[in-house]
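The values are calculated or read from the model by the stated rules, or taken from the named source; none is laboratory data. If you're wondering where the values come from, they're calculated on a predicted model, not measured in any experiment. Here the Cβ positions follow ideal geometry from the backbone for every residue, glycine too, while neighbour counts run over all protein chains shown. With ligands, DNA and RNA removed, areas are computed over all heavy atoms of the protein, side chains included. Shrake-Rupley method; radii C 1.70, N 1.55, O 1.52, S 1.80 Å.
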Amino acid sequence: MKNSAQRKLSSTRDEREIVSLRDLSARVGSDPLLVQASNGNTSIKLDGILWIKASGKWLAHAMQEEMFVPLELAEVKEAIRRDGEIASNHAAKDELRPSIETAMHAVLGHRVVIHVHSINAIAWAIRLDGPGQLEERLAGLHWRWIPYAASGMPLAREVEKAAAGAPETDVLILGNHGLVVCGQDCRTAEALLGEVERRLAIIPRGFPKPDTAVLAMIARFSKWQFPDVGSLHALGTDAVSRKILKGGVLYPCQAIFLGQTMPLVPPAVVISKSTESLNHKGGTPPFVVVERSGVMLNEKITSTERATLIGLAQVTLRTDESARLRYLNEAEVADVLSKGAHGCKEPVVIEEKANSSADTKELDEERTASAATASTVALGPA
């Protein structure tokens, strides 16, 4: 499959369609309840060409940057039939690489496909009773629930099976992942997205205010800052959110950008005057969650990590304490991390931070026996 990056649009009509896609993508990408950083992707099929968002690009920048990769749809479908890799054919350093979800976009028959990491959709998609809960909310729409499958070919196969059994399907809830909506043009697809979001909307819980006195203890160390988004503190002050975080990884982006375990510590560790108890070989995380107190950010936190963290806080605030959740298992998390971010950022090894024995004991008292050991928080020099 050769790269068609230099392909010219065949007509003025096609040019207008691409402009519509770019405009739609920018609007969708600018809504943090739909897209966080570089996740999410959009596409359109024109005259046998699949125009798909490139990996690592932010939809919010669609009107300022080139980000759509043109691919021969027939060649993509042949690669899918052979179970071949699509993105690997576009590995040149100076080329845009098609989204990891290209195969999923290709197997859907609709001209326009919008895939987002909707906060509301994810809050339903992580629930074991999600399909049943959505029956009434999505009644009258052509929707299907897709159980969790790894991004790329595995997810495309599941979507393909669902579409084959019900070709009219234009709404997909992806377990532990997000939302897909389809349409014959950008206008109808965006209208459907709005309708689905309206039906899936969950009012977030209120949460206690942060304990600024405790957080100020972290601020005395260099390079730590109070968040400029207040909802982030819910990860520490909201008991339900803390319980959810201790359960494990809810969706792929959480593992990729925030790690396998949360840097979650009790206030006693922070208040300690001994910097040695806070410095360990594991390194300094981009943020720290202090139980019952709030969140602090490291000045080196990336825009993607920050957006992902805000999204996680919004998901937990929309998740009932009584809900039984489906976490990614160890094999699924390992698979996600082995593939990296598929172009969202350079693949990195996410190290597990080691706790001192005293800190580990204190943390474990508040964890269930099945929860993973908490990551160490290395705050750095005062």
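Checked against (1) open to solvent by 20 Å² or more (accessible area, probe 1.4 Å); (2) without any contact (Cβ under 8 Å) to a residue 40 or more places away in the chain, Gly247 meets all criteria but (2). Look at (1) open to solvent by less than 20 Å² (accessible area, probe 1.4 Å); (2) more than 22 Å from Arg127 (Cβ to Cβ); (3) in a helix (DSSP H, G or I) and you find that Pro285 fails only one, number (3). The selection criterion, being modelled with pLDDT under 95 and over 16 Å from Lys223 (Cα atoms), holds for Gln260. Residues satisfying the criterion are present in the range 357-377 (criterion: among the hydroxyl-bearing types (Ser, Thr, Tyr), at pLDDT below 95, assigned to a loop (DSSP other than H, G, I, E, B) and under 30 Å from Gln133 (Cα atoms)). Among residues of the range 25-53 being open to solvent by 30 Å² or more (accessible area, probe 1.4 Å) and not aliphatic (A, V, I, L, M), the one that is nearest to His177 (Cα to Cα) is Pro32.
Considering each residue of the range 16-40, count those that are of a type in the set (A, V, I, L, M) and free of Cβ contacts under 8 Å to residues at least 24 places away in the same chain, and give that number. Please lay out each step first, then the result.
If we filter the range 16-40 for residues that are of a type in the set (A, V, I, L, M), which is where we start, we get 18-19, 21, 24, 26, 28, 33-35, 37.
Adding the requirement that they be free of Cβ contacts under 8 Å to residues at least 24 places away in the same chain leaves 19.
Here the count works out to 1.
Please indicate, with yes or no, whether at least one residue in the range 34-42 is hydroxyl-bearing (Ser, Thr, Tyr) and under 21 Å from Glu160 (Cα atoms). Taking every residue of the range 34-42 in turn, at least one turns out to be hydroxyl-bearing (Ser, Thr, Tyr) and under 21 Å from Glu160 (Cα atoms). Tallying residues that are at pLDDT 95 or above and either in a strand (DSSP E or B) or under 16 Å from Gln314 (Cα atoms) (or both) within the range 211-230 yields 3.
In the range 175-205, the residue that is most open to solvent (accessible area, probe 1.4 Å) out of those that are among the β-branched types (Val, Ile, Thr) and not in a loop (DSSP other than H, G, I, E, B) is Thr188.
Condition check: in a loop (DSSP other than H, G, I, E, B) and modelled with pLDDT of 95 or more. Does Leu328 satisfy that? Yes; evaluated as a whole, the condition is true for this residue.
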